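Report on the following structure.
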Amino acid sequence: MPQIKYSYISKKKNSRNKVFFVDEKFNISTLKKHILKSEYLFIQDLLKSRDTKKNILSFDYSSKSKIILVSLKKDINNTEVENLGAKFFELFKSFSENEYILNSDSISIKLKSLIGHFLHGLKLKSYEFDKYKTKKNKKYISVFVIGKNIPSPQDQKKFKAIEDGTFYTRDLVSEPGNVLHPDEYAKRLNALSKDGLKINTYDEKKLKKLGMNTLLGVGQGSIRGSYLVTMEWNGLNDKSKPLAFVGKGVCFDTGGISLKPAKFMEDMTYDMAGSAVVVGLMKTLALRKAKINAVGVVGLVENMPGGNAQRPGDIVKSYSGKTVEILNTDAEGRLVLADALTYTEQKFKPKFIVDLATLTGAIIVSLGSEYSGLFSNDDKLSKQIIHAGENVEEKVWRMPLNKNFDKLIDSKNADMQNINYVGGAGSTTAAQFLQRFILQKTPWAHLDIAGMAFSKYGGALNSGGATGYGVRLLNKLIEDNYE
Ligand code: BES
Ligand code: MN
Ligand code: ZN
């Protein structure tokens, strides 16, 4: 797949391939001052027999020169412009040209940063993970934007920061389990201090001292270490309460002694996606120098069967002091998050906590790959998240929490058990479990992204594989409500 580079330039640059925006009727009279008369007459003639269903048309003026028209309807919104950019990428794939001039002066629609959204969609769609292909079939396409109708320098920086953060998340999620194990992951996170994040790494020794035994229990069957890593962004340069984001980072989930079946077990290399979203978000915030304080907390473990692995029936004491009977070692995400949540609440006293996790297969049964499941103790935070999701087309559906579900996870032998043996409401009982580790009524929301983190077929703004779902959603939540 081609790789896209776009840049805003002020100098006139000549390229044989030109891109223009026109209205929904493909009225080209506004282009007269930008193209040659002969070119104008050429496309005017061809437009008469155009396919009226298409909103991007490409004309081969000569064997080496194209004129491309992108039609915009009057009431077009951000998402539609981004999707159009992504569609444009599909077209690029079939062209052999590799340099284009995009003229922003032909835009007549007043939508803030329209070109920015268009290029954002184009760029996001162009991502490909080909690190392990020895034959790279890579072509670079440069898009030079000219004219005055361009995003402010601040917006340009914001789009770039979101792209970099999202691509970082996708890179992490795409890495196989043999490469991105917890030791390697912790090492990579340490390097993020170069972006201005303050990184703290807690290794097994420190975690043991703190009493994070539900997290440690999950990783004890692995030859790799287990870690909790915190990433702080202090954009306000003060001590005001941060926003907290917590992520499940199970680098590979075999199920442990409650081993998963072989078929599709390979998918469990993306069981660290929740943590990767937190990391990508923190990177985005740092790159765009967001005016907020935020902290990202990730629990990094590998869930393996092994001589020292946790057994079904084991009872462990969490950081909160509450005890958990492990009835199924494959319900491990909630054990990692339990300690991470309590620790985050206690250490950072945040305004709110949002956690992300590929937590249950049951959420895929409920919502497929269209919505993530939202569970929350706070209506205001829920509304903000749902609204942000609608805005960036990373949709969220609220699911219930209710004390009546509690009996399903109460245990005979400990304070609670890690699965519901009666069956039913698999995603809610998992969320209900997590809620028990929020001790001080901090506004909290849990996003079950099991159906969203990875896409076999590709979506509007990704071409298949790791989606990066969540980075744009949470960035928007922050931008609209907390900055
Ligand atoms: N990581 C899985 C959930 C998952 C499944 C994510 C499919 C992405 C795709 C999680 O750790 C898990 O194994 N959950 C179990 C819970 C059960 C043992 C109560 C599940 O969903 O089956
Ligand atoms: Mn599991
Ligand atoms: Zn898992």
Test Thr269 against the criterion of being surrounded by fewer than 24 Cβ atoms within 10 Å (Cβ to Cβ), within 13 Å of ligand 3 (Cβ to nearest atom) and in contact (Cβ under 8 Å) with a residue 24 or more places away in the chain, and give yes or no.
-> yes
Checking Met304 against (1) over 23 Å from the mean Cα position of the chain (by Cα); (2) more than 21 Å from Gly256 (Cβ to Cβ); (3) crowded, with 16+ Cβ neighbours inside 10 Å; (4) not polar (S, T, N, Q), which test does it fail?
-> (2)
Subset of the stretch 319-337 [in contact with a Gly (Cβ under 6 Å, 6 or more places away or on another chain) and more than 15 Å from ligand 2 (Cβ to nearest atom)] | Tyr319
Kindly indicate whether any position in the stretch 428-442 is within 12 Å of ligand 1 (Cβ to nearest atom), without any contact (Cβ under 8 Å) to a residue 24 or more places away in the chain and either surrounded by 15 or more Cβ atoms within 10 Å (Cβ to Cβ) or more than 25 Å from Asn303 (Cβ to Cβ) (or both).
-> no
Considering only the stretch 324-354, state which residues are away from ligand 1 (no atom under 16 Å from the Cβ), part of a helix (DSSP H, G or I) and of a type in the set (Lys, Arg).
-> Lys347
For residues in the stretch 371-399 being in a loop (DSSP other than H, G, I, E, B) and within 16 Å of ligand 1 (Cβ to nearest atom), which is farthest from Asp271 (Cα to Cα)?
-> Met399
Name the pairs: first residue in the stretch 123-135 and farther than 16 Å from Leu180 by Cα, second residue acidic (Asp, Glu) and at pLDDT below 95, Cβ to Cβ under 9 Å, at least 6 apart or on different chains?
-> Lys125/Glu90
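Looking at this structure, is Phe129 touching a Leu at 6+ places or on another chain (Cβ under 7 Å) and at pLDDT 95 or above?
So Phe129 does not fit the description; no.
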Given the structure, is Ala290 more than 25 Å from Gly423 (Cα to Cα), away from ligand 3 (no atom under 14 Å from the Cβ), outside any strand (DSSP E or B) and modelled with pLDDT of 95 or more?
-> yes
Where Gly249 falls short, out of the listed (1) within 14 Å of ligand 3 (Cβ to nearest atom); (2) surrounded by fewer than 24 Cβ atoms within 10 Å (Cβ to Cβ); (3) small (Gly, Ala, Ser) | (2)
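Of these, Asn200, Asn213, Asn234, which one is free of Cβ contacts under 8 Å to residues at least 40 places away in the same chain, among the polar types (S, T, N, Q) and more than 16 Å from ligand 1 (Cβ to nearest atom)?
Values: Asn213 fails: free of Cβ contacts under 8 Å to residues at least 40 places away in the same chain; Asn234 fails: free of Cβ contacts under 8 Å to residues at least 40 places away in the same chain.
Result of the check over Asn200, Asn213, Asn234: Asn200.
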Taking the stretch 436-462 and keeping residues of a type in the set (A, V, I, L, M) and either within 30 Å of Asp339 (Cβ to Cβ) or outside any loop (DSSP other than H, G, I, E, B) (or both) leaves Ile438, Leu439, Ala445, Leu447, Ile449, Ala450, Met452, Ala453
Hey, Val298 under 18 Å from Ala244 (Cβ atoms), among the β-branched types (Val, Ile, Thr), part of a helix (DSSP H, G or I) and modelled with pLDDT of 95 or more or not | no
Residue that is surrounded by the most Cβ atoms within 10 Å (Cβ to Cβ), among those in the stretch 176-200 that are within 19 Å of Met282 (Cα to Cα) and charged (D, E, K, R) = Asp195
Failed criterion for Thr428 (all others in (1) within 15 Å of ligand 2 (Cβ to nearest atom); (2) hydroxyl-bearing (Ser, Thr, Tyr); (3) over 22 Å from the mean Cα position of the chain (by Cα) hold) | (1)
Inspect the stretch 358-370 for any residue being in a loop (DSSP other than H, G, I, E, B) and either more than 16 Å from ligand 1 (Cβ to nearest atom) or not assigned by TED's automatic domain parsing to the domain that holds Lys239 (or both) and give the result as yes or no.
-> no
Starting from residues that are crowded, with 17+ Cβ neighbours inside 10 Å and within 16 Å of ligand 2 (Cβ to nearest atom), keep the ones in the stretch 356-397 and report whichever is farthest from Val297 (Cα to Cα).
-> Ala362
Which of the residues that make up the stretch 254-269 are within 8 Å of ligand 1 (Cβ to nearest atom) and closer than 16 Å to Pro312 by Cβ?
-> Gly255, Ser258, Lys260
If you scan the stretch 446-465, which residues turn out to be near ligand 1 (Cβ under 10 Å from one of its atoms) and not charged (D, E, K, R)?
-> Ile449, Ala450, Gly451, Met452, Ala453, Phe454
Filter pass, Leu72 being out of contact with any Cys (no Cβ under 6 Å at 6 or more places or on another chain), aliphatic (A, V, I, L, M) and over 30 Å from Leu473 (Cα atoms) | no
Answer from Ala362, Ala414 - the residue that is of a type in the set (A, V, I, L, M, F, W, C), in contact with a strand residue (DSSP E or B) (Cβ under 9 Å, 6 or more places away or on another chain) and within 16 Å of ligand 3 (Cβ to nearest atom) = Ala362
Does Lys317 satisfy the criteria of being more than 24 Å from Pro443 (Cβ to Cβ), away from ligand 3 (no atom under 12 Å from the Cβ) and touching a strand residue (DSSP E or B) at 6+ places or on another chain (Cβ under 6 Å)?
-> yes
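The values are calculated or read from the model by the stated rules, or taken from the named source; none is laboratory data. This is a predicted model, so every value here is computed, not measured. When we count neighbours, we look across all protein chains shown, and the Cβ atoms used for this are built from the backbone with ideal geometry, even at glycine.
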